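The values are calculated or read from the model by the stated rules, or taken from the named source; none is laboratory data. All figures in this text were calculated on a predicted structure; none of them were measured in a lab. Glycine also receives a Cβ, built like all others from the backbone with ideal geometry; neighbour counts cover every protein chain displayed. Remember, those area values only see protein heavy atoms, side chains included, never the ligands or the DNA or RNA. Shrake-Rupley method; radii C 1.70, N 1.55, O 1.52, S 1.80 Å.
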Amino acid sequence: MTFPQQPQYPQQPQGQPQGPAPQYQPNGPQSQYPMQPMPQYPQPPIANRNPFFEWLKQTRRDFSRIGASLCLMVVIWYALATVLEGALYAAVGGKGETPNWVTYVGSGVPLYLIAMPIAVMLMGKSTVIETRKFDMKPGLFFKLLLMCLPMMWAGSVFGSMLSMVLSNGEATDRVADLAMQTNIWNVVFLVIVGPIFEEWLFRKQLIDHTRKYGEKTAILLSGLAFGLFHMNLFQFFYAFLLGLMFGYVYTRTSKLRYSTAMHMIINFNGGVLAPWVLTRVDLDQLEKVSEAAENGNAAAMEQWASQNVEGLAIMLVYFVLYGAVILAGFVLLIRNFKKFEFYTAPEELPRGTRAKTVCGNVGMIMFIMVTCMLTAVNLLM
């Protein structure tokens, strides 16, 4: 897949590097990273003070700090959201079904205005490097957007099936239930506020802090953290896959507008358009007439269908079009899978050290454990 800017990182010697790249190459017109001198390391390494392993230990500490920041963000978010949602629920009477705005405000305000900024502040700036910014042509934007749809569909199907198996069919997707309360709050929080803040954290901040250790490493971490952050098994797999695509788009452009726009479009479809289509027909009544039809009362089904002709037509058009774009996205994804472009980063982690360096540290382990625990709790509640 060809991007117009053809960004390049400084070249490194073949084989395992002895720590970060010793020197940037001249900053040509196609370079995405500005020239920054890197320290020279003595050769051969001094006994017990190998510069490569010293650098690797520092890199592991950097990832641990990032993981600990994300873990603290989740803890602060849950603690404040529990208090605020309880207060708002009591303020609206504390009876019946909770209005979705209570959940959105009670959860979103602590997360976006308090927990996320604290996490970014704790990450620090020591690992952030400057990159050149590039535009993306509209045709390429929509091509990549189409590829997102089959990734979301496949991840959603797998997540739903696994959730049903692990919960003996009792789990419910609370986010989907929340979105079914179709009103302006879905637009405000699912389509506008959520994508802006989530892309700011998981793409800009997380990738900016880690991309110097490798583009694929940064994108995979961004996608994994994004999936775990949802703490919902129904959402984990498609959030992870979409996070990979959003991360790739941000890495290649260094501009947040493109991944944010994709995120908004995806959320508009899943959180606004699809629920609106589904509410065009009386699904609760459909369940009842289906049972009646199984008992031999076919007239009840015919009567229901005649009362929901317009809604059924809207649903038919929507699902036919949605199926068509998913199929088109699958074709594009298969044809372009090997064309995604990645470039060697200034301090690329060598093969064999990446997983241990990124995830084998206290901070990341804590983040993964806390989010997995909360995912399990949410599944069984």
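If you split all Cα-Cα distances of the chain into 20 Å bins from zero, what percentages do you get per bin, shortest first?
Reading the bins upward from 0: 24, 53, 20, 4, 0.
The range 209-305: percent of C-alpha pairs farther apart than 24 Å? Please list the in-between numbers first.
Numbers: 2179 of 4656 pairs.
Across the range 209-305, Cα pairs with separations above 24 Å total 47 percent.
Helix 283-294 against the longest principal axis of the chain: what's the angle in degrees, Cα atoms only, rounded to the nearest 10?
Rounded to the nearest ten degrees, it is 60.
Hey, rough spin-label estimate for LEU283 and MET164, points 7 angstrom out along Cα→Cβ, what's it come to in nanometres?
It is 1.4 nm.
Can you tell me the accessible area per residue over the chain, all protein chains present, probe 1.4 angstrom, in square angstrom?
On a per-residue basis, the chain sits at 50 Å².
Specify whether the C-alpha gyration tensor of the range 123-176 places it in the rounded, prolate or oblate class, a ≥ b ≥ c being the square roots of the eigenvalues: rounded for a/c under 1.5, otherwise prolate if a/b is larger than b/c and oblate if not. Spell out each step's value before the answer.
On the way: a/c = 4.31, a/b = 1.69, b/c = 2.55.
Because a/c hits 1.5 or more and a/b fails to exceed b/c, the range 123-176 counts as oblate.
Just check the range 284-381 against the gyration tensor rule for me: Cα atoms, a ≥ b ≥ c as the square roots of the eigenvalues, rounded for a/c under 1.5, and otherwise prolate or oblate depending on whether a/b exceeds b/c. Mind dumping the intermediate values first?
Working: a/c = 5.14, a/b = 1.93, b/c = 2.66.
Note, shape of the range 284-381 comes out oblate.
What do you get for trypsin sites (Lys or Arg not before Pro) in the range 322-381 restricted to DSSP loop and a cutoff of at most 11 other Cβ within 10 Å of the site's Cβ?
ARG351
Which percent of the accessible heavy-atom area of the chain goes to carbon and sulfur, probe 1.4 angstrom?
Of all accessible area on the chain, carbon and sulfur atoms account for 66 percent.
In 10 Å bins starting at 0, how do the alpha-carbon pair distances of the range 142-252 split up by percent?
All Cα pairs, binned at 10 Å, distribute as 14, 40, 34, 11, 1 percent.
Which pairs in the list LYS204/LYS356; LYS57/LYS356; LYS137/LYS339; LYS125/LYS204; LYS125/LYS356; LYS255/LYS356 are over 20 Å apart, alpha-carbon to alpha-carbon?
From LYS204/LYS356; LYS57/LYS356; LYS137/LYS339; LYS125/LYS204; LYS125/LYS356; LYS255/LYS356, over 20 Å: LYS204/LYS356; LYS125/LYS356; LYS255/LYS356.
What distance in nm lies between label points placed 7 Å from Cα along the C-beta direction at SER306 and LYS338?
That separation, rounded to one decimal, is 5.9 nm.
Would you compute, from DSSP H runs of 4+ residues alone, the mean residue ellipticity of the chain at 222 nm, taking -39500 (n - 2.57) per run and dividing by the full residue count, rounded to the nearest 500?
Numbers: 16 runs with 236 residues, N = 381.
Value at 222 nm, helices only: -20000 deg cm²/dmol.
If the reach is capped at under 19 angstrom between alpha carbons, list the aspartates and glutamates near LYS133, excluding any in the same chain fewer than eight residues apart.
GLU199, ASP208, GLU215, GLU341
Just check the range 77-120 against the gyration tensor rule for me: Cα atoms, a ≥ b ≥ c as the square roots of the eigenvalues, rounded for a/c under 1.5, and otherwise prolate or oblate depending on whether a/b exceeds b/c.
prolate
Name the most mobile residue of LEU283, LEU149, LEU316, meaning the one with the largest mean-square fluctuation, in a Gaussian network model of the chain with Cα contacts below 10 Å.
LEU283
Give, rounded to the nearest 20 debye, the magnitude of the charge dipole that the range 103-180 has about its Cα centre when Lys and Arg contribute +1 at Cβ and Asp and Glu contribute -1 at Cβ.
Numbers: 6 positive and 5 negative charges, 92 e Å.
The calculated dipole for the range 103-180 is roughly 440 debye.
Given labels modelled 7 Å from the Cα in the Cβ direction, how far is it in nm from ARG132 to GLU291?
Inter-label distance under the simple model: 6.6 nm.
Any idea what the alpha-carbon Rg over 2.2 N^0.38 Å comes to for the range 83-227?
The range 83-227 yields a ratio of 1.28.
Can you pull out the trypsin sites (Lys or Arg not before Pro) in the range 64-163 whose DSSP state is coil and whose Cβ has at most 12 other Cβ atoms within 10 Å? Display every interim value, and only then the final one.
Values: sites: ARG65, LYS95, LYS125, ARG132, LYS133, LYS143; in loops: LYS95, LYS125, ARG132, LYS133.
Passing sites in the range 64-163 are LYS95, LYS125, LYS133.
Take every Cα-Cα pair in the range 222-275 and report what % of them are more than 16 Å apart.
Beyond 16 Å sits 44 percent of the P(r) for the range 222-275.
Using 10 Å bins from zero, what percent of all Cα-Cα pairs in the range 58-165 falls into each bin?
12, 20, 27, 33, 8, 1
Nearest 0.05, what FRET efficiency do VAL317 and MET381 give at R0 = 35 Å with Cβ-Cβ as r?
Once rounded, the FRET efficiency stands at 0.45.
Within the chain, which is the longest segment containing none of the GluC sites (Glu not before Pro) that sit in a DSSP loop and have at most 11 other Cβ atoms within 10 Å?
171-381
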